[in-house]
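The block underneath contains the structure these notes are about, expressed in structure tokens.
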Amino acid sequence: MPFSRASGILLHPTSLPSRLGIGDLGEAAYQFVDFLASTRQQLWQVLPLGPTGHGNSPYMCYSAMAGNPLLISLEQLCDRSLLYPDELHDLEQLPQDTIAFDQLIPIKMRLLERAATRFKDVANLDDLDAFEQFCEDTHFWVDEFAFFMALKNAFGGASWTEWDEAIARRDPVAVEEWREKLASDIFCHKFLQFEFYQQWTALKHYAHDRQIQIIGDIPIYVAHDSVDVWAFPEYFMIDPETLAPAEMAGVPPDYFSETGQLWGNPTYNWEQLQAQDFDWWIQRLKALLTYVDLIRVDHFRGLQAYWSVPAGETTAVNGQWLEAPGAELFDIVRQKLGTLPILAEDLGFITPEVEALRDQFEFPGMKILHFAFGSDSTNPYLPTNFVHNSVVYTGTHDNDTTVGWFEKLSDYEKDRLLLYVGCFCPEGIHWTMIRLALMSVANQAVIPLQDVLGYGSDCRMNSPGQADGNWAWRYSAEALTNEVSDRLLALTELSNRASSWDGTLPPAKDDEA
């Protein structure tokens, strides 16, 4: 569906300022929403919110439906006496300009487990009722997720394929025995999901009161080491003997890579999913829509046709294109969930069939300005060639920052960029590109916060193909200066993307008739 003219900022919550080692859903998140409101933005785009696994990538999560407990604000838990301020000392010693995941995770998870234990001991009836209601509302996924994480802890963090065979294959007797044995740990992980839900929902309401919508992100595939594959193996191409992927996802060889990209995720068993009216996908989208207002579908082209690589291959060369029932999926989703608030990540090798699927459901596609100046006038990323029903970015979380991109740009591309824009903004190339995005005809414009702040390559969020050092960038609270806010506000208003919010909040519930 086409969306109204608006603009916003791309920032994952882990990048928020915090004295406790990682951005979270505490005070700094509310201050960031205030920054969005003061500059009259209408959109806040985040990366996937799930519990991250190997490599700390939000695109490789232990669950397609759960939230990341590392985002829980420990200070809010202190406010409710589930933790005490002096217990946070070890986290206060961690770096404040980056995320030291290896140090952070064991410390924060111990504290979260402690809070879960205290909740069990001190929760009043209202708290317990809210917890039970949450568990009932999310029963499709929360029971299995909590069980999966408790099992993973019991087996020292090993992948589920390395657990005892009986529980890896979900033998009913083993399932009952392990559920009883791990009851306390299962409760802990349910509580953490409940707490994430409570904190995120409060933040989302705060944003909504300021007329700011949240764009979430849904990776097309799920990690092999995830509760989804363990609990629903019939929906994935899994070898029944080895439990390894029988077919792996990726992309074929192209200009950038002679061997393509082999991601290792199992592809979907679309036949089984169709037989169940795509129920797992419906549940996945319903879960995400409790947290966000719009959904960016990563690797959208894989819902029309996907590159399937047989087990045993070490590169993506020997794969094949197989059709996916994307149109049937979206028809069912529309029947069961109504209007589809979906944005299509349609980058890379896009065929007319992919474009037809996108346009059939009127999903806006993505336009990346960093890609616009390396070819001729037919380049689809030149603003001249934009359509209204699209979302323009200077760059995405996978791109270099605009300052870093420009520093590495060829003389040819710099000349073409200068010819296109006429002159560069004296405030910096980042404002030149932000202005170009905001003034375009694309209905929506989303700018990474690093570009608003004019940061270089050392502040990029992710470098695809680089195993270490990703997802750790954070900004300081002092970076959002009045000068930055004023310039962003002026461009937002001039480009007719400003929110109509005038600072008036709806009445509190207690005041409503």
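The set of residues from the stretch 417-455 being within 15 Å of Ala490 (Cβ to Cβ) and either touching a His at 6+ places or on another chain (Cβ under 6 Å) or assigned to a strand (DSSP E or B) (or both) comprises Ala445, Ile447.
Among the residues of the stretch 1-25, the one identified as touching a Ser or Thr at 6+ places or on another chain (Cβ under 6 Å) and either of a type in the set (Asp, Glu) or without any contact (Cβ under 8 Å) to a residue 60 or more places away in the chain (or both) is Asp24. Summed over the stretch 149-163, the residues that are without any contact (Cβ under 8 Å) to a residue 24 or more places away in the chain and outside any helix (DSSP H, G or I) give a count of 5. For the stretch 502-513, the tally of residues that are touching a helix residue (DSSP H, G or I) at 6+ places or on another chain (Cβ under 9 Å) and either at pLDDT 90 or above or exposed (fewer than 10 other Cβ atoms within 10 Å of the Cβ) (or both) stands at 2.
Within the stretch 73-101, take every residue that is part of a loop (DSSP other than H, G, I, E, B), within 26 Å of the chain's Cα centre (by Cα) and not β-branched (Val, Ile, Thr) and give me the one that is nearest to Ala115 (Cα to Cα). So the residue we want is Ser73.
Of all residues in the stretch 303-329, count the ones that are out of contact with any Ser or Thr (no Cβ under 8 Å at 6 or more places or on another chain), more than 15 Å from Met237 (Cα to Cα) and of a type in the set (Gly, Ala, Ser). Number of matching residues: 2.
So which residues in the stretch 257-290 are surrounded by fewer than 18 Cβ atoms within 10 Å (Cβ to Cβ), within 11 Å of Gly216 (Cα to Cα) and touching a strand residue (DSSP E or B) at 6+ places or on another chain (Cβ under 9 Å), if there are any at all?
Of everything in the stretch 257-290, just one residue is surrounded by fewer than 18 Cβ atoms within 10 Å (Cβ to Cβ), within 11 Å of Gly216 (Cα to Cα) and touching a strand residue (DSSP E or B) at 6+ places or on another chain (Cβ under 9 Å), namely Leu289.
Buried (at least 17 other Cβ atoms within 10 Å of the Cβ) and either over 23 Å from Pro380 (Cα atoms) or among the acidic types (Asp, Glu) (or both): does that describe Met461? So Met461 passes the test. Among all residue pairs at least 6 apart or on different chains, which show Cβ distances below 6 Å where the first residue, located in the stretch 288-311, is under 18 Å from Glu271 (Cβ atoms) and touching a residue at least 60 places away in the same chain (Cβ under 8 Å) and the second is buried (at least 20 other Cβ atoms within 10 Å of the Cβ) and among the charged types (D, E, K, R)? Correct list of pairs: Ser308/Glu247. Scanning the stretch 164-185 turns up no residue that is under 25 Å from the mean Cα position of the chain (by Cα), in a helix (DSSP H, G or I) and at pLDDT 95 or above.
In the stretch 473-492, how many are surrounded by fewer than 19 Cβ atoms within 10 Å (Cβ to Cβ) and assigned to a loop (DSSP other than H, G, I, E, B)?
Looking only at that region, the number is 2.
Evaluate the stretch 249-259: report whether one residue or more is in a helix (DSSP H, G or I), closer than 26 Å to Ile447 by Cα and out of contact with any Asp or Glu (no Cβ under 7 Å at 6 or more places or on another chain). For the stretch 249-259, residues in a helix (DSSP H, G or I), closer than 26 Å to Ile447 by Cα and out of contact with any Asp or Glu (no Cβ under 7 Å at 6 or more places or on another chain): absent. Out of the residues in the stretch 26-52 that are more than 20 Å from Leu438 (Cβ to Cβ) and polar (S, T, N, Q), which is farthest from the chain's Cα centre (by Cα)? Result: Gln31. Pairing residues of the stretch 468-483 that are closer than 16 Å to Leu94 by Cβ with residues that are in a helix (DSSP H, G or I), at Cβ distances under 6 Å and at least 6 apart in sequence or on separate chains, gives Trp471/Asn56; Trp473/Ser15; Trp473/Cys459; Arg474/Ser15. Applying the criterion of being free of Cβ contacts under 8 Å to residues at least 40 places away in the same chain and part of a loop (DSSP other than H, G, I, E, B) to the residues of the stretch 381-416, the residue that is surrounded by the fewest Cβ atoms within 10 Å (Cβ to Cβ) is Ser410. Looking at Leu111, is it of a type in the set (A, V, I, L, M), buried (at least 16 other Cβ atoms within 10 Å of the Cβ) and assigned to a helix (DSSP H, G or I)? Yes.
Candidates are the residues of the stretch 341-380 that are of a type in the set (A, V, I, L, M) and assigned to a loop (DSSP other than H, G, I, E, B); the one that is nearest to Thr401 (Cα to Cα) is Ala372.
Please work out if Asp331 is more than 19 Å from Asn389 (Cβ to Cβ) and free of Cβ contacts under 8 Å to residues at least 24 places away in the same chain. Yes; evaluated as a whole, the condition is true for this residue. Restricting Trp280, Trp307 to residues that are assigned to a strand (DSSP E or B) and not hydroxyl-bearing (Ser, Thr, Tyr) narrows the list to Trp307. When the stretch 1-54 is filtered for residues that are assigned to a helix (DSSP H, G or I) and closer than 21 Å to Thr401 by Cα, the ones remaining, listed by number, are Pro13, Thr14, Ser15, Phe32, Phe35, Leu36. What is the number of the single condition among (1) under 19 Å from Asp398 (Cα atoms); (2) free of Cβ contacts under 8 Å to residues at least 12 places away in the same chain that Gly338 does not meet? (1) is the only condition that Gly338 fails.
The values are calculated or read from the model by the stated rules, or taken from the named source; none is laboratory data. Given the structure is predicted, the values throughout are model-derived calculations rather than measurements. Backbone-built Cβ (ideal geometry, glycine too); neighbour counts: all protein chains shown.
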